[in-house]
Amino acid sequence: MLHIPVRILRAGAVYFAVVFGAGFVLGTIRLIWVVPRLGERTAELIEAPVMLAITILAARWAVGRRAVPAVALQRLGMGLIGLGLLLVAELVVVVLVRGLTLSQYIASRDIVSGTVYLVLLAVFAVPLLVRRR
């Protein structure tokens, strides 16, 4: 059985909570105010750099708050735990709140903003270069 230190589990959970919470708030703003004015692709592309900045700040904060050592496997563990939680939460929102199946959700994604979203997920999963303050 794989032994994952509690510190890494907690750091991943904190990391997820901060990014998901911010994404939920920004996503709500995007859907209510920005999409009707600018369209879905543009709204998602405007949101992307903000989420990138939030991801970097959240990774830095989680690493410092939970004292995650600058060891690649531990940082990667934190990122993968956060990513797993983020994907589960995203799936719950898509299925229960939006009423879509997973295949409907994937088919509904814009190719450009969807690709940017996948890149952001990859960045989220790999908080290796973050320094503790």
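Assorted remarks:
- Residue, nearest to residue 43 (Cα to Cα), within region 1-32, restricted to residues that are among the aromatic types (Phe, Trp, Tyr) and surrounded by 16 or more Cβ atoms within 10 Å (Cβ to Cβ): 20
- Taking region 25-43 as the range and being over 30 Å from residue 64 (Cβ atoms) and either touching a residue at least 24 places away in the same chain (Cβ under 8 Å) or in a helix (DSSP H, G or I) (or both) as the test, the residues that pass are 31, 32, 33, 34, 35, 36, 37, 38, 40, 41, 42, 43.
- Inspection of region 80-95 identifies no residue that is touching a Lys or Arg at 6+ places or on another chain (Cβ under 8 Å), without any contact (Cβ under 8 Å) to a residue 12 or more places away in the chain and within 23 Å of residue 43 (Cβ to Cβ).
- Criterion: at pLDDT below 95 and either closer than 23 Å to residue 118 by Cβ or outside any helix (DSSP H, G or I) (or both) - qualifying residue of 17, 22, 67: 67
The values are calculated or read from the model by the stated rules, or taken from the named source; none is laboratory data. Values in this document were obtained by computation on a predicted structure and should not be read as measured data. In this analysis, Cβ positions are derived from the backbone assuming ideal geometry, glycine residues included, and neighbour counts consider all displayed protein chains.
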